[in-house]
Amino acid sequence: MTSASFLMLGLAGCTALSHGFLNPQGPVAGHERDLFVTVSIVLLFVAGPVLLLTPLFAWHYRLSNRGDAYRPKWNFSWWVEALIWIPPAGIVIGLAILLWHWTQIDDPYRRLPGAAPIEVQAIALDWKWVFVYPDLDVAAVDRLVIPAGRPVHIRLTSGTVMQSMLIPQLAGQIYAMGGMTTELNIQAHRPGRFRGENTQYNGAGFQHQKFVVVAVPSADYDCWAAAARRGKRTLDAQTWRRLSARSIIALPVEFAHVTPNLFERVLETTGGMSHSPTKAAR
Amino acid sequence: MTVSAPLWPAVLGRFGWQDLPFVRAWENPTISELIGAFAGALVVVGAVVVAALLTRYGKWRYLWTEWLTSLDHKKIGIMYIVVAFVMLSRALVEAVLMRMQQAVAIEHPGFLSPDHFGQLFSTHGSIMIFFMAMPFLTGMINYVLPFQLGARDMAFPWANSIALWLTIGAAGLMMASLVVGEFSTGGWSGYPPYTERAFSPGVGVDYWIWAVTLGSIGSTMAGINIACTVYKLRAPGMRFMRMQMFSWTSLCTSILMIFAMPPLTVATLLLALDRYLGFHFFTNDLGGNMMNYANMFWLFGHPEVYILILPAFGVYSEVVSTFSTKDLYGYTSLVIATMAIAVLSFTVWVHHFFTMGQSANVNAAFGIATMTIGVPTGVKIYDWIWTMFRGEVRFTVPMLYALAFMMTFVLGGFTGIILAMPPLDYLVHNTLFLVAHFHNMLIPGLLYGMLAGYHYWFPKAFGFRLDERWGRIAFGCWVVGFYLAFFPLYVLGASGMARRTQAIFEPSFRPWLYVACVGAFVLLAALTSLGIQLWVSIRDRASTRVEAGDPWDGRGLEWSVSAPPPEYNFAVLPLIDGRNPFYDHKHDEGQPDPYASPSSYEDIVVPRGSATSVVIGLAAAVAAFGLIWEIWGLAIVALQIVVAAVVLRSFGRDQHRTIPAAEVAREHEKWLARVRATPAIPRQLETAAVNRGLAEIVA
Ligand SMILES: [Cu+2]
Ligand SMILES: [Cu+2]
């Protein structure tokens, strides 16, 4: 009985990693996973010598081992100096080149190649995520429906304290901050359901602030959009006030109509237009 | 539930009965509230028991005159370390509670309420950084540095005492938050706007602000004091390139403190202005911008990492060289590497917010700057490895810590490079991967270092050695506990588990959370073993005395005096003629006898104790308490007491005491006679009872 439960535990342990970036389901996370593997292999060459030499030297030159010449005053050698400064510096230079390149191509603001992206506006609230589809006049809370294989461009802000949006299997995270906009580009390779969350603590309901990303085939996405637009619920000022209050919603909800320019209004009420260059332009 | 109304605002400010954990637990006896009440009761009962014992044994006067008001750097150092151990115990218990909560709260609410959990991770982080690590290293530097420089005290003994008492006052506020009110749930970094009044209206954040502010002012003062001591009080002939490595790392640490602590003080004070006076530095609205906070906080926060780690690097340099019975390899490289780390540490703070939307170029530049620190750090590790080469390594407790450090720290460096890569940081920032990384740096890098130093210098400070067996048990528990507690967190972080999560909704995380929880208990066992070790060591001290003062065949000047040392450290200030004067004099042919009688003695002037520093530190804490609870009268009166104490001290005369040459001569000659009667022992016997603190001279 107990051995069976231990076996269950062991299996569960392995599945943990499948929820993270080591099991990527989109090009961004996939690319970042590749970088992770590359860097880890390079670093094995850095950590390896220390992990080998430390116990080796400590044990070999122990006090009770009188076999080797004891050189109490030996404290310098140009050879050793070269060995401990040059290779690590070389590795860091190599990693720096790698880093510069990958940081440019994995920039969360960088548009993904392919079809025109789906536009989504994500607004962080306590303790829920609101996703507005400005082109569809549709919004959803705690569920993000996207077409598989199409790029998605998300603009984020917060109607409350600072938060951070992470969908580990699709892309890295970016903060959502009141009065400021940040951007994130994601894409899913294939249909599926992926976990998304806020990773920046924001009070008592924090642990519940999860959402699900549903990637569906393109045709299904159009069906979903059409169905969502026909829905009865609207995201008006009153609903917004209710949503903004600190609370956890039990199940994801969808809205057929959204107050026009909701995202911009949230930016404005969080005082943020003063940071935004667009204000001067208007 | 009754609403807590403030009682007589002028006297009790915004205090209501509900602010007492006992009342809350009475009205709503959940396990979470009962734990809170128990912790509060522990603080109260602890204070009462200590007071009762002091009264019973009539030790109040002794404690006051010999310790609390003392300006002696050795006693101040020891008091700092006592504070560090007390706070370590609390913060470690909190860590165990959090791990237990996470282990049971898988698709289940667990036993701690979300708010209680939030307070726990906030106090755990704040305490470990500001009231465990900082006092520990400041105390260690305080105790050891003047000896290594050949000085009789720190540069500013009174300021030294004020810094200590500000730290104690701030730690007192942390303890008070257990008994009256609540603590912040904003984490150790207190990010606004969450910590603004609009989102955190209670007293919790105010406790955090004032505890951190007092602590940071104390640390700034300590930094100035340490730097001035190094610059001004080196013994004749002690050139910079002759200083022990620990003195070097102390100097670099102090420079970091001087430049890094003020941004923190400014950040917390601006946050206080937001909260108390309605300013809008970091609020969401009216032009506030929390990015300014992030910048200032991490302008402190990143160098802080090296404030914490550099002193430990110093300890490891001493320990590895001493217990390899060999010169430190690559002294010059180590000095250069230390300074490089200190300078570079100010150039990388943006890596704490790679995910805040700045351009890829900015992120890449700061990522590369961050990785660069890996080079000097790696060099240091290799220098210690090559120090063992062709040496005679002895596996004493401090050396075991050093070895465990080298092998574990390199894994932390590995994950550090991963975090320095912005695309990878996007994936694991704010997850348990990050938590695992910084514990991987700070436990081997700071805690092991401080514990190694504690075992290494304890016999110097108290005149007897710590028990070796319990030391090894504690060491084993720290190492095993560390791996069990933190390696699962790397896996969980890579699986996307956010930090600071009170409940978990992913059953596949369960086994890893169980292992981490077991690890937390092993770490608790490690701390308990240290407590047992101290008790056993005190009990058996008759058989481990080392009056001659040099139990490990040490190198620095601290080993050339008696254990415990006299108040004035050196009867005659040493003349420095090399990098390891004491060691070379002991071991080299044709060198002067390190235990020879000096030709003459002089009067020595030492600072007299002062109550003003105690008053300043405690009154500052009372003023902070008044501000937290909005008891304005109390705050004003306490602040006036602080000012009055400073004024009073500046009129004070007789701040010094002269120890006549005859008395110094008598004491010193008595010790020299004892040294001559002490049998010298070979290194093989250093942990045996025959080790009375005199190393065998093998030329
Ligand atoms: Cu911790
Ligand atoms: Cu940092």
With the calculation restricted to Cα positions, what are the radius of gyration and Dmax of the protein assembly as shown in angstrom? 29.8, 102
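Which order do the peptides A:103-113, B:215-225, B:64-74 take when ranked by the mean count of other beta-carbon atoms within 10 Å per residue, highest first? Spell out each step's value before the answer.
Working: A:103-113: 16.9, B:215-225: 25.1, B:64-74: 19.4.
With the highest mean Cβ count within 10 Å placed first, the list reads B:215-225, B:64-74, A:103-113.
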Give the lysines whose C-alpha is closer than 18 Å to that of B:Lys59, dropping any in the same chain fewer than 8 places away, or say none. B:Lys75
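Shielding by partners for B:509-518, please: the mean number of other protein chain Cβ atoms within 10 Å of each residue's Cβ.
On the way: counts 5, 5, 9, 5, 1, 2, 2, 0, 0, 0.
Mean shielding count: 3.
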Normalising by the residue count of segment B:154-239, find the relative contact order in percent from Cα pairs under 8 Å and 6+ residues apart. 47 percent
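Which order do peptides B:627-638, A:69-80 fall in by mean Cβ count within 10 Å, highest first?
B:627-638, A:69-80
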If amide hydrogens are placed 1.01 Å from N in the peptide plane, which non-local residues have theirs closer than 5 Å to the one on B:Phe464? B:Val546
For chain B, what percent of Cα pairs sit more than 49 Å apart? 14 percent
Pairwise centroid distance, computed over Cα atoms, of segment A:151-214 with segment A:21-45, Å: 21 Å
Projected area of chain A, taken from the Cα convex hull and averaged over every viewing direction, in nm²? 24.8 nm²
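Shielding by partners for A:16-26, please: the mean number of other protein chain Cβ atoms within 10 Å of each residue's Cβ.
Working: counts 15, 7, 2, 8, 11, 7, 5, 1, 1, 0, 0.
Mean shielding by partner chains, rounded to a whole number: 5.
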Percent of alpha carbon pairs in segment B:87-204 separated by more than 22 Å? 47 percent
HN-Hα J in Hz across segment B:106-117 - Karplus 6.51, -1.76, 1.60, θ = phi - 60°, x for Gly and Pro: 9, 6, 6, x, x, 10, 9, 5, x, 5, 4, 4
Per residue, what volume in Å³ does the convex hull of the Cα atoms of segment B:321-379 enclose? 84 Å³
Using Cα centres only, tell me the gap between segment B:224-300 and segment B:592-663 in whole Å. 23 Å
Over the whole of A:158-167, what's the average partner chain Cβ count within 10 Å per residue? Rounded to a whole number, please. 5
So, in nm, how far is label B:Leu685 from label A:Ala226 when the simple model puts each one 7 Å beyond its Cα toward the Cβ? 9.6 nm
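Residues with beta-carbon under 10 Å from that of B:Pro21, excluding B:Pro21: net charge, scoring Lys, Arg +1 and Asp, Glu -1? Mind showing how you got there, number by number?
On the way: positive: B:Arg24; negative: B:Asp19, B:Glu33, B:Glu182.
Neighbour charge sum, excluding B:Pro21 itself: -2.
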For a 28 Å ceiling on Cα separation, which of these pairs sit above it: A:Lys73/B:Lys380; A:Lys73/B:Lys74; B:Lys326/B:Lys460; B:Lys460/B:Lys670? A:Lys73/B:Lys74
Using a 10 Å cut-off on Cβ atoms, rank the peptides B:129-142, B:298-311 from the highest mean neighbour count down. B:129-142, B:298-311
Cα extents of segment B:609-699 along the three principal axes, largest first, in whole Å? 67, 35, 21
Charge-dipole axis of segment B:536-647 as Lys and Arg at +1 and Asp and Glu at -1 on Cβ define it, positive-most pick from B:Ser597, B:Val622, B:Val643: B:Val622
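Helix-only estimate, please: 222 nm mean residue ellipticity of chain A, summing -39500 (n - 2.57) across DSSP H runs of length 4 or more and dividing by its residues, to the nearest 500.
-13000 deg cm²/dmol
All of the numbers you see were taken from the coordinates with simple rules; none came from a lab. Worth saying up front: this structure is predicted, and the values here are computed from it rather than measured. No Cβ is skipped: glycine too gets one built from the backbone with ideal geometry, and neighbour counts run over all protein chains shown.
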